[in-house]
Each structure stands twice: as structure tokens, then as C-alpha cells.
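Here is the structure we will look at.
The values are calculated or read from the model by the stated rules, or taken from the named source; none is laboratory data. For clarity, every value in this text was computed on a predicted model and none was experimentally measured. For neighbour counting, all protein chains shown are included, and Cβ atoms are generated from backbone atoms with ideal geometry for every residue, glycine included. Side chains included, ligands, DNA and RNA excluded: accessible areas come from the protein's heavy atoms. Shrake-Rupley method; radii C 1.70, N 1.55, O 1.52, S 1.80 Å.
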Amino acid sequence: MQQKIFKEKYPIFELRFTKEESKFDSVPAILDYLQEQVDAHPKAGFIARFDHFTHTKERNGEIADNIKDAQNIILCFGMQLPSPDPVAVRPRSIGVTDLGDEFVVNFMEAPNPIANDTMENWVKSLVK
């Protein structure tokens with residue numbers, strides 16, 4: 001799992017792995033697994049799936065040639081709401097991109113370390 005900064009201000013966690021290393025053969029299969037993890041977690045709640053690839057394609061948006069599919073699972077951890085501030089950074093999203101020979105799974109760092117560690121563990125468990 002690599003930590004990096006996207007556009008010089010967004011902290012993200014990213015894992016790249018080949019399709020041979022993956023327990024799953026497609027973006028929807030990975031999302032199915034992640035949704036099972038969300039549903040089984042006592043503090044997480046599934047919200048939706050978002051097909052980022054189709055959304056961009058239908059709007060004649062720009063898509064890199066090597067991107068074959070890109071979708072997100074949207075979820076939220078209900079651990080605490082001590083002020084209005086957490087509302088600005090919720091819900092959480094985990095992105096899954098198919099680059100043909102590899103998958104890239106990434107998410108923005110969560111302000112709650114327990115939520116962040118949980119998502120990191122879910123993502124790492126996608127690899128054989």
C-alpha cells in the first residue's frame with residue numbers, strides 16, 4: 001500500500017496489483033467483495049456504487065487509453081459525529097480501476113485512523 005499526495009493536497013492510499021495477483025477478475029467482482037466487507041462491519045454502512053467510467057464516457061469526458069473500467073463503492077463509518085466538521089469529509093469512497101493487466105485500488109485518507117486502517121486492510125485482502 002502506497003501513500004501519496006494527489007494534486008499536491010489530497011492524501012490517498014493506493015495499491016496496484018496484477019490480475020494474476022488478484023483474487024478477483026473484474027472491477028464488479030472486487031466491488032462485490034468490498035460491499036460484503038462493508039455489510040459485515042458493525043460501524044460501516046453501504047451507500048452506493050458509482051460507475052465512474054460510464055459516467056465520464058457518457059459525457060464525452062477524457063479517459064486514458066489504458067483505463068478499461070473505473071468504479072467506486074461509497075460507504076460511511078458511523079463512529080462519531082462530534083461536530084459539523086466530519087460531515088465535510090464524509091462519506092468515504094474506494095475506487096477500483098482496471099488498467100488491462102492490473103488493478104489500482106485507492107481511497108482518500110480518512111480522518112479517523114480506525115476507518116483508515118479498516119479500508120487499508122480490506123484493500124490489501126484483495127491480493128492472493
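Kirkwood Rh over Cα pairs of the chain into Stokes-Einstein at 4 °C, 1.567 mPa s: D in µm²/s?
The estimated diffusion coefficient comes to 85 µm²/s.
For Ile12, Ile5, write out the residues from largest to smallest accessible area, computed with a 1.4 angstrom probe and no ligands counted.
Ranked list, largest accessible area first: Ile5, Ile12.
Taking only the alpha carbons of segment 67-121, what extent do you get along each of the three principal axes, in Å, biggest first?
Reported extents, whole Å, longest axis first: 43, 20, 13.
With unit charges on the beta carbon (Lys/Arg positive, Asp/Glu negative), name the residue among Val27, Phe53, Met108 whose Cα is farthest towards the positive pole of the charge dipole of segment 1-114.
Toward the positive end, the furthest listed residue is Met108.
What figure in square angstrom, to the nearest 10, would you give for the accessible area of His52 with a 1.4 Å probe?
80 Å²
Once the Cβ-Cβ distance between Ala64 and Asp117 is put in as r, and R0 is 35 Å, what FRET efficiency do you end up with, to the nearest 0.05?
Efficiency, rounded to the nearest 0.05: 0.70.
Decide, for segment 15-81, between rounded, prolate and oblate: order the square roots of the alpha carbon gyration tensor eigenvalues as a ≥ b ≥ c, take rounded if a/c falls under 1.5, and otherwise choose prolate if a/b is larger than b/c, else oblate.
Working: a/c = 2.74, a/b = 1.44, b/c = 1.91.
Oblate is the answer for segment 15-81, as a/c is 1.5 or above yet b/c matches or exceeds a/b.
Express the accessible area of the chain per residue in Å², computed with a 1.4 Å probe while the remaining protein chains stay in the model.
I get 60 Å² per residue for the chain.
For a quick check of understanding: with a 1.4 angstrom probe and all protein chains in place, what accessible area in square angstrom does Met108 have, to the nearest ten?
90 Å²
Order Ile47, Ile67 by their accessible area, 1.4 angstrom probe, all chains in place, largest first.
Sorted descending by solvent-accessible area, the residues read Ile47, Ile67.
Under a point-charge model restricted to the Cβ atoms of Lys and Arg (+1) and Asp and Glu (-1), what is the dipole moment magnitude of the chain relative to its Cα centre, in debye to the nearest 20? Let's see the in-between values first.
Details: 15 positive and 20 negative charges, 68 e Å.
The dipole of the chain has a size of about 320 debye.
Please name whichever of Ile63, Ala88, Ser125 sits farthest to the positive end of the charge dipole of the chain, dipole taken about the Cα centre and charges placed at Cβ: Lys and Arg +1, Asp and Glu -1.
Ala88
How much net charge surrounds Phe53 when only other residues with a Cβ under 9 Å from its Cβ are counted (Lys, Arg +1; Asp, Glu -1)?
-1
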